[in-house]
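Participant: Here you go, one structure.
The values are calculated or read from the model by the stated rules, or taken from the named source; none is laboratory data. What you see is a predicted model; the values in this text were computed from it and never measured. All Cβ positions, glycine included, derive from the backbone under ideal geometry; neighbour counts span all protein chains shown. The accessibility values were calculated without ligands, DNA or RNA, using every heavy atom of the protein model including side chains. Shrake-Rupley method; radii C 1.70, N 1.55, O 1.52, S 1.80 Å.
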Amino acid sequence: MPAPPDRRSFSISVTARAADIDELGHVNNAVYLTWIQDVATAHWSAVAPPEHRAAYVWVVTRHEIDYVRQTLEGERLTLTTWVGEPKGARFDRFVEIAGPDGQLRVKAVTTWAIIDRATGRLARVRPEIAAPFIAGAAD
């Protein structure tokens with residue numbers, strides 16, 4: 001499922017290394033989880049303004065991951081993410097991992113909660129925090 005038209009997607013690439021491979025000869029599930037977190041935090045770092053990055057930090061509250069097909073050592077993957085609708089202090093984030101053939105390897109929905117760095121407490125995802133991730137919101 002590609003990002004909806006009102007969402008700005010973000011992508012990075014990774015290559016499966018020997019250390020990522022499990023005893024079955026393909027990328028271990030825990031590695032996909034790391035990549036899901038990596039693309040999410042890279043998206044925040046690339047898009048959020050410096051004052052938001054300084055004021056807030058995100059923590060995962062839930063992962064839902066579907067492993068669709070295996071990835072082998074040396075394969076270059078594209079990790080793509082976008083956000084859903086903010087719900088209070090939470091944002092659902094969608095991730096798709098595709099192989100060099102364009103075929104889906106993994107899809108995930110993770111729920112992230114935003115923490116105010118100064119107080120250590122949950123903060124609401126205000127419109128100005130969400131705007132950089134939503135097409136047309138900051139245009």
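Participant: Among the residues of the stretch 88-125, which ones are without any contact (Cβ under 8 Å) to a residue 24 or more places away in the chain and loosely packed, with under 14 Cβ neighbours inside 10 Å?
Facilitator: Passing the criteria: Asp101, Gly102, Thr119, Gly120, Arg121.
Participant: Out of Thr71, Thr80, Thr61, I need the residue that is within 14 Å of the chain's Cα centre (by Cα), buried (at least 17 other Cβ atoms within 10 Å of the Cβ) and not in a helix (DSSP H, G or I). Which one?
Facilitator: Selected residue: Thr80, the only one of Thr71, Thr80, Thr61 that is within 14 Å of the chain's Cα centre (by Cα), buried (at least 17 other Cβ atoms within 10 Å of the Cβ) and not in a helix (DSSP H, G or I).
Participant: I'd like the residue in the stretch 2-29 that is under 17 Å from the mean Cα position of the chain (by Cα) and small (Gly, Ala, Ser) and, out of all such residues, is farthest from Arg93 (Cα to Cα).
Facilitator: For the stretch 2-29, the residue satisfying everything is Ser13.
Participant: Just wondering, is there one or more residues in the stretch 21-31 that are surrounded by 13 or more Cβ atoms within 10 Å (Cβ to Cβ) and within 30 Å of Pro127 (Cβ to Cβ)?
Facilitator: No.
Participant: Here's something else I'd like to know. State all residues of the stretch 32-53 that are open to solvent by less than 60 Å² (accessible area, probe 1.4 Å) and out of contact with any Lys or Arg (no Cβ under 6 Å at 6 or more places or on another chain); if no residue qualifies, say none.
Facilitator: Across the stretch 32-53, the qualifying residues are Tyr32, Leu33, Trp35, Ile36, Val39, Ala42, His43, Trp44, Val47, Ala48, Pro49, His52.
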